[in-house]
Amino acid sequence: MKTIGIGGSTIEAELNAITPTAHLINPIQKSEFYARIDKACKLMQEQNVQVMYVHAGTNLYYFTGMKWSSSERMVGALLFADGSLHYIAPTFEKGTVLDFMLIEGTVHCWAEHESPYQLFAQICSENGVDGGVVFMDESTPFFITDGIAKAHSKFKLVNAKPITAGCRMIKSEAEIAIIQNIMNITLEVQKAVARILYAGISAKEVTDFIHEAHKRHGVASGSYFCIVLFGVDSSFPHGVKSPKNLEDGEVVLVDTGCQLHGYISDITRTYVFGEINETQRRIWNIEKETQLAAFNASQLGNTLSSVDDASRMVLETHGLGPDYDLPGLPHRTGHGIGLDIHEWPYVVRNEETTLESGMCFSIEPMICVPNQFGIRHEDHVYMTQQGPKWFTEPMLSIENPFGI
């Protein structure tokens, strides 16, 4: 039996049929950034920490709304437990920093021949912190942490994950709404991808289509990432150097997403182009069962480790694994998503963090069969007071993956 909803259309027809919707999605409002700072300060006070450094990148954006990429120059902000905010940047960037600033704070600058690490220590001292614990954004490059440690040996530099992850793991209604909408867009792109397939199509043609389709939906940057794999290539979770063209009867794995207002979508769909053989059907159905088991285990108060365990127990009942062995699931069951495509919480063995309302993460217990194919069903959930809820409904069946 051939798979329903696969093939029969063209790239041109599918692109022309798209109606943009991204412009209807609201970004995070300024008031929410202030609320994030308030929460961070409360957590700092609870842990008796006076100051936290957030580095250029997603943590700086999360707390201040400032979009700035990490580089070889120190750019970031010091957040003190009383809520005061102090930015650090090169002198020649001051005008740009002021232009990008959403949450007001004092801007401290260092000239190219000066030490930003000495400036860091000076700002701390001027705000009553001459030593003790300083929380450092975990994404801060080593050269900055090392420079600060050498500039002021009285500081004890500690991983700020309890604050950064403590805030970012719990998504607000506004964050969930953005993620929901861009997941919806990517799911529509996935459906369109399936319709354009034909024997001989290259992975690059599909990748280019996905990029343009996201743009047609109104996401100006197009695809945030894209993995397109056919046949044996699909047994490599994150792809191969030279992807093959599609042939009849092969597994198709498409993993893609987009980024809007800083947030990222991420969905994988796996199905068969042409006639389905019994091995493909068996593994596909086990994957579906495994994904559902992880979803059912995702209950408030359960650990992330127990969700990963639920995946592996199902696989072992079917003679796969055990543990992380192949054929079976070689990686974690899932990852958090938000401003980073992979962020807390991680659904992996020994992760004892417990599930709380507002957490968002993928459930993707991929089954890899070496030298044959891989099947990955990837959908994300967000935790509510009633338990887990899918952002996108999982595939229906191997014969009708999109439920047409």
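Observations on the model:
- Here the range 279-404 exposes an accessible surface that is 50 percent carbon and sulfur, computed with a 1.4 Å probe and the other protein chains kept in place.
- Helix 203-216 axis, angle to the chain major axis (alpha carbon atoms, nearest 10°): 60
- Rounded to 10°, Cα long-axis angle of helix 30-46 versus longest principal axis of the chain: 70
- Cβ-Cβ FRET estimate between residue 202 and residue 318, R0 fixed at 35 Å, reported to 0.05: 0.55
- Over 31 Å (Cα to Cα) - which of 39/288; 215/241; 2/171; 244/389 fall in this group: 39/288; 2/171; 244/389
- Sparse-neighbour loop sites [GluC sites (Glu not before Pro); the range 1-93; at most 10 other C-beta within 10 Å; DSSP]: 72
- Neighbour cut-off at most 14 other Cβ (10 Å), DSSP loop, chymotrypsin sites (Phe, Trp or Tyr not before Pro), the range 177-242: 198
- Per residue, the accessible area of the range 60-157 comes to 46 Å², computed with a 1.4 Å probe over protein heavy atoms only.
- Centroid-to-centroid, using Cα positions, the range 264-319 and the range 111-189 are 35 Å apart.
- Average Cα contact separation per residue, the range 198-329, under 8 Å, 6 or more apart, as relative contact order %: 16
- Calculated FRET value between residue 396 and residue 122, using beta carbons and R₀ = 56 Å, to 0.05: 0.40
- Within-15-Å neighbourhood charge of residue 322 [Cβ basis; K, R +1; D, E -1]: -3
- Calculated on alpha-carbon atoms, Rg and Dmax of the range 97-248 in Å: 23.7, 69
- Mean residue ellipticity at 222 nm, helices only, the chain: -10500 deg cm²/dmol; runs of at least 4 DSSP H residues each add -39,500 (n - 2.57), and the sum is divided by the number of residues.
- When peptides 168-176, 146-154 are ranked by their average number of other Cβ atoms within 10 Å per residue, the highest-first order is 168-176, 146-154.
- Sequence ranges 360-367, 390-397, 181-188, ranked by mean other-Cβ count within 10 angstrom, highest first: 360-367, 181-188, 390-397
- Of the residues 245, 257, 274, the one whose Cα sits farthest toward the positive end of the charge dipole of the range 237-309, with +1 on the Cβ of Lys and Arg and -1 on the Cβ of Asp and Glu, is 257.
- Taking 19 Å as the cut-off, the amide N atoms of the range 152-191 that come nearer than this to a point 7 Å along the Cα-to-beta-carbon line of residue 130 belong to 152-157.
- Translational diffusion of the range 208-354 was estimated from the Stokes-Einstein equation, with Rh taken as the Kirkwood radius over Cα pairs; at 4 °C and 1.567 mPa s the coefficient is 77 µm²/s.
- Electrostatic dipole magnitude of the range 259-355 [Cβ: Lys, Arg +1; Asp, Glu -1; Cα centre; debye, to 20]: 240
- Distance in nm between pseudo-label sites at residue 174 and residue 385 (7 Å out along the Cβ direction from Cα): 2.2
- Distance from the range 70-85 to the range 207-250 (C-alpha centre basis), Å: 38
- For the range 1-141, a simple Cβ point-charge model (Lys and Arg +1, Asp and Glu -1, everything else neutral) yields a dipole of about 420 debye relative to the Cα centre.
- Angle in degrees between helix 304-317 and the longest Cα principal axis of the chain, rounded to the nearest 10: 20
- The residue among 293, 331, 401 whose Cα reaches farthest toward the positive pole of the charge dipole of the range 268-404, with charges on the beta-carbon of Lys, Arg, Asp and Glu, is 401.
- Counting only lysines at least 8 places from residue 150 when in the same chain, those with an alpha carbon closer than 30 Å to its own are 42, 67, 94, 161.
- Charge dipole (the chain, unit charges on Cβ, about Cα centre) - positive-most of 390, 157, 353: 157
- Protein heavy-atom accessible surface, 1.4 Å probe, per residue over the range 270-404: 37 Å².
The values are calculated or read from the model by the stated rules, or taken from the named source; none is laboratory data. These figures come from a predicted structure and were not determined experimentally. Backbone-built Cβ (ideal geometry, glycine too); neighbour counts: all protein chains shown. Accessible surface is based on the protein model in full, side chains and every heavy atom, while ligands, DNA and RNA are left aside. Shrake-Rupley method; radii C 1.70, N 1.55, O 1.52, S 1.80 Å.
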